[in-house]
DNA sequence: ACCTGAACACCGTTCAAGT
DNA sequence: ACCTGAACACCGTTCAAGT
């Protein structure tokens, strides 16, 4: 698919842009992440990215076929950040918990990019490493292959979908996020018991509950369920 | 906030547009949903919506402050579709399973709209009804209020986040979706055992597993965990 | 070989002018 | 009172022209 685009490690000589930048796929991805982080998802436009790099916007099309291909590279880079400084402990449950929370944290550190990428399959090197390692943790723990694969699916989709949900909230413009907060703080804490008895009875509890992520609770529950599928060790 | 915009049921007389349409918030929301459904999320632009309604794009700003406010109305409408034809059975577990699957189905029926709205708190009438009903099912089953509220949170966030994840995949342009399918069908089924032993061993299992949603599995597991928190009935 | 710049076909939103 | 139309400040992408 990408065969006429320069390979990642290509040592081809590149002419600097007018402003002196020597472009590369890696530099473009880094700059894209920084742009999103500093100015929000709406800042990721080819035109602004070109300006931030000191190059004409159209020069980027020599490195990525279109914005979707650039986005997949950003996605793989985000997946890569999950693994920085991680090492397996040998305890599958601790390892999965740690990886789940790291995945969530890495995506929430770049909420705007996470929203755009959490649901993508990149096929890239970091994604490949992630699958290999997680399946390895499960097989190493003694899960039979079909169970390992089913648990892998649930684990990754739970983590990614929750990361995307929480990231989407963080990525809202301040005004919209504040408006949603007010709904939980005010609207749903003052429903008349006549028409909405259950909301009236639990509004305050809801206000506290909905202010945090459901992920830690759901992850723990998932790990409990996975543990049940682990065969007892022989001998 | 929306105090200078016409109320939903306002009987104010409205002049038809040049092309004869009498605008209303409801008609605009319906048309927006249809537009997204027929031509994808990128079709939801003020300009195209205006054209579809037979009105000047700028006329819409008399009904919605901006596109975000329109989106929240679309979100509440989607939530409303979950409840069409639903009635409580009295069995909390069957009711939650049914509602979870309906939520997922309603959002997947409008994948492009779901991606844009699944993470929003609308504060609208359908959302209010949803919270009241779900909390009611849990309290009616005998869950103490703190448990009911925690379970509500996990249930709704699991359903919405999984709906958003699956919808985001369905909402991809055909070309991108096909490319991702190929990654699971080809790339990850042919990894060399030398560098990626675990992927090499489970590639075929993964190919089958990743083609379907993790949600039914996760929902069942969640309901199991919830059941454990239900106090035994006295007497 | 690679970057540039103009061009094309779009956006959301505002506001004075029309009816 | 409500809709219109022009205007403003943007988009992604292509492609012939420059170096």
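The values are calculated or read from the model by the stated rules, or taken from the named source; none is laboratory data. This structure is a prediction, so every number in the text was calculated from the model and none was measured. Glycine also receives a Cβ, built like all others from the backbone with ideal geometry; neighbour counts cover every protein chain displayed.
Just a few scattered comments:
- In the set B:180, B:175, only one residue is surrounded by fewer than 23 Cβ atoms within 10 Å (Cβ to Cβ) and at the interface with chain A (Cβ under 7 Å from one of its Cβ atoms); that residue is B:180.
- Checking each residue in the range B:34-67 for being away from DNA strand D (no atom under 13 Å from the Cβ), closer than 24 Å to residue B:14 by Cα and surrounded by fewer than 19 Cβ atoms within 10 Å (Cβ to Cβ) picks out B:34, B:48, B:65, B:66, B:67.
- Filtering the range B:191-204 for residues that are in a loop (DSSP other than H, G, I, E, B), under 30 Å from residue A:202 (Cα atoms), more than 7 Å from every other protein chain (Cβ to nearest Cβ) and at pLDDT 95 or above leaves an empty set.
- Failed item in (1) in a helix (DSSP H, G or I); (2) closer than 23 Å to residue A:87 by Cα, with residue A:112 passing the rest: (2)
- For the range A:61-72, the criterion of a residue being in a helix (DSSP H, G or I), more than 14 Å from chain B (Cβ to nearest Cβ) and either within 14 Å of DNA strand C (Cβ to nearest atom) or farther than 29 Å from residue A:148 by Cβ (or both) is satisfied by at least one position.
- Residue match in the range B:85-93 (condition: at pLDDT 95 or above, closer than 27 Å to residue B:24 by Cβ and either in contact with a helix residue (DSSP H, G or I) (Cβ under 7 Å, 6 or more places away or on another chain) or outside any helix (DSSP H, G or I) (or both)): yes
- Residues being within 18 Å of the chain's Cα centre (by Cα) and more than 9 Å from chain B (Cβ to nearest Cβ) - total across the range A:206-221: 2
- Among the residues making up the range B:148-166, a single one is under 21 Å from residue B:89 (Cα atoms) and either over 24 Å from the mean Cα position of the chain (by Cα) or surrounded by fewer than 21 Cβ atoms within 10 Å (Cβ to Cβ) (or both): B:156.
- Residue within the range A:156-170 that is at pLDDT below 95 and more than 9 Å from every other protein chain (Cβ to nearest Cβ) present: yes
- Considering residues of the range A:222-233 that are surrounded by fewer than 19 Cβ atoms within 10 Å (Cβ to Cβ) and assigned to a helix (DSSP H, G or I) only, the residue nearest to the other protein chains (Cβ to nearest Cβ): A:225
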